[in-house]
Amino acid sequence: MQIVRQLDPLRSALVQMRSESAVALVPTMGALHQGHLALVREARARAAHVAVSIFVNPRQFGANEDLGKYPRQLEADCALLEAEGVSLVWAPDAAAMYPQGYATTVAVSGVSGGLCGAARPGHFDGVATVVLKLFNQVQPDLAFFGEKDWQQLAVIRRMARDLDLTRPHSQAIHAVATVREHDGLALSSRNAYLSPEDRRCAAALPAAMRAAIAAIGSGADRTQELARLQAALLAAGFASVDYAELRDAATLEPVSTPDASNARLLVAARIGGTRLIDNMPL
Ligand code: PAF
């Protein structure tokens, strides 16, 4: 497995890889867990060569967010990736990604608004910008993203369609199901911030979401169930709920009709200073 930190050696390595097989890209910010490894395994199942990018992208963190404390463990991450048969790790530093004078931002309107876009202004511009750069740098045949960041996935799919990034885009961007702990909590690098007590309470998030989905599926009033979900999270020890909403899975438009078959429940809530997100189909 090659570990590459500059663009020129990346391009040389990719010429060789591309002459041998399709290349799949798994973009990450490191601090890898089983959720990332599920992406890598899906990628390996579809392409002989998998490139994983590890870059904590400063442009997707707000001024008061956790850029400084975001876990960084390149050596441990590389050991995990080597064991998965990854061909190449692309781990640029900030100067290689955004050289002096860098001035371009990609903004995807519509799907970027509301939900996490409202709570984290500029976040999805940072995500779209770095993902477009990663696509240009690696030029993958396929790319893999986790369903846990559902809005991010919608933003990337929209960008790929709008900018003709992939051919055919519907098959090239692969979404991989969220991996969960034994108690249902979605795996996230940010779970490492939780104290043992908060970690225990955090299981209320998927539990309350499942309860709301079951009740709505049985015909209960949606507005009341979403209010009940928020109350359940606050009672379990969450400090606040950023949003708990039913949205169209593809467009992320609010779902208004009671029989919408493509609806998804999306929730973001804060516990002990950590913001957790999750989503599930209705
Ligand atoms: O999901 C992530 O880890 C990041 O948002 C991504 C897609 C790697 C862009 O920095």
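The values are calculated or read from the model by the stated rules, or taken from the named source; none is laboratory data. Only a predicted model underlies this, so the values are computations on that prediction, with no experimental measurement involved. Ideal geometry is used to build each Cβ from the backbone, glycine not excepted, and the neighbour counts take in all protein chains shown.
Take Ser170 and tell me if it is among the hydroxyl-bearing types (Ser, Thr, Tyr), away from the ligand (no atom under 14 Å from the Cβ), at pLDDT below 95 and surrounded by fewer than 19 Cβ atoms within 10 Å (Cβ to Cβ).
yes
Looking at region 1-15, which of its residues are part of a helix (DSSP H, G or I) and surrounded by 15 or more Cβ atoms within 10 Å (Cβ to Cβ)?
Matches in region 1-15: Leu10, Ala13, Leu14.
Just to be sure I understand, how many residues within region 45-57 are touching a strand residue (DSSP E or B) at 6+ places or on another chain (Cβ under 7 Å) and either under 17 Å from Leu153 (Cβ atoms) or away from the ligand (no atom under 13 Å from the Cβ) (or both)? First the steps, then the outcome.
Quick first cut of region 45-57, residues touching a strand residue (DSSP E or B) at 6+ places or on another chain (Cβ under 7 Å) only: 46-47, 49-54.
Checking which are either under 17 Å from Leu153 (Cβ atoms) or away from the ligand (no atom under 13 Å from the Cβ) (or both) leaves us with 46-47, 49-50, 53.
So the count comes out to 5.
Among the listed residues Ala214, Ala177, which satisfies the condition of being in contact (Cβ under 8 Å) with a residue 24 or more places away in the chain and more than 19 Å from Ala31 (Cβ to Cβ)?
Just one listed residue meets the conditions, Ala177.
Would you point out the residue of region 16-44, among those that are more than 14 Å from the ligand (Cβ to nearest atom) and under 16 Å from Gly146 (Cβ atoms), that is surrounded by the most Cβ atoms within 10 Å (Cβ to Cβ)?
Looking at residues that are more than 14 Å from the ligand (Cβ to nearest atom) and under 16 Å from Gly146 (Cβ atoms), I get Ala24.
Given the residues Ala43, Ala103, Ala107, Ala51, which is the only one that is in a loop (DSSP other than H, G, I, E, B), under 18 Å from the mean Cα position of the chain (by Cα) and modelled with pLDDT of 95 or more?
Answer to the check: Ala107.
Residue by residue, here is whether (1) surrounded by fewer than 18 Cβ atoms within 10 Å (Cβ to Cβ); (2) more than 14 Å from the ligand (Cβ to nearest atom); (3) outside any helix (DSSP H, G or I) holds:
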residue	(1), (2), (3)
His174	yes, no, yes
His182	yes, yes, yes
Arg190	yes, no, no
Arg199	no, yes, no
Ala207	yes, yes, no
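Please go through region 82-96 and give me each residue that is touching a residue at least 24 places away in the same chain (Cβ under 8 Å) and either farther than 20 Å from Gly35 by Cβ or more than 14 Å from the ligand (Cβ to nearest atom) (or both), ordered by number.
So the first thing to find is which residues in region 82-96 are touching a residue at least 24 places away in the same chain (Cβ under 8 Å), and the list is 82, 84-94, 96.
Of everything in region 82-96, those that are touching a residue at least 24 places away in the same chain (Cβ under 8 Å) and either farther than 20 Å from Gly35 by Cβ or more than 14 Å from the ligand (Cβ to nearest atom) (or both) turn out to be Glu82, Glu84, Gly85, Val86, Ser87, Leu88, Pro92, Asp93, Ala94, Ala96.
Could you check how many residues of region 229-241 are touching a strand residue (DSSP E or B) at 6+ places or on another chain (Cβ under 6 Å) and surrounded by fewer than 17 Cβ atoms within 10 Å (Cβ to Cβ)?
2
Tell me whether region 187-208 contains one or more residues that are within 22 Å of Ala38 (Cβ to Cβ), within 17 Å of the chain's Cα centre (by Cα) and hydrophobic (A, V, I, L, M, F, W, C).
Among the residues of region 187-208, at least one is within 22 Å of Ala38 (Cβ to Cβ), within 17 Å of the chain's Cα centre (by Cα) and hydrophobic (A, V, I, L, M, F, W, C), which makes the answer yes.
Going through region 54-81 one residue at a time, which ones are free of Cβ contacts under 8 Å to residues at least 40 places away in the same chain, part of a loop (DSSP other than H, G, I, E, B) and surrounded by 13 or more Cβ atoms within 10 Å (Cβ to Cβ)?
Selection gives Val56, Leu67.
Can you tell me which of (1) over 16 Å from the mean Cα position of the chain (by Cα); (2) more than 25 Å from Ala51 (Cα to Cα); (3) within 12 Å of the ligand (Cβ to nearest atom) is the one Lys133 doesn't meet?
Evaluating Lys133 over (1) over 16 Å from the mean Cα position of the chain (by Cα); (2) more than 25 Å from Ala51 (Cα to Cα); (3) within 12 Å of the ligand (Cβ to nearest atom) leaves (2) as the failure.
Return the pair list, or none, for Cβ contacts closer than 6 Å from residues in region 24-47 that are among the acidic types (Asp, Glu) to residues that are outside any loop (DSSP other than H, G, I, E, B), at least 6 apart or on different chains.
Matching pairs, first to second residue: Glu42/Phe144; Glu42/Val176.
Among (1) farther than 28 Å from Leu134 by Cα; (2) modelled with pLDDT of 95 or more, there is one condition Asp259 misses while meeting the rest; what is its number?
Going through the list (1) farther than 28 Å from Leu134 by Cα; (2) modelled with pLDDT of 95 or more, Asp259 breaks only (2).
Taking Asp93 as the residue in question, decide whether it is under 24 Å from Thr178 (Cβ atoms) and of a type in the set (Asp, Glu).
Numbers: under 24 Å from Thr178 (Cβ atoms): no; of a type in the set (Asp, Glu): yes.
No: the conditions fail for Asp93.
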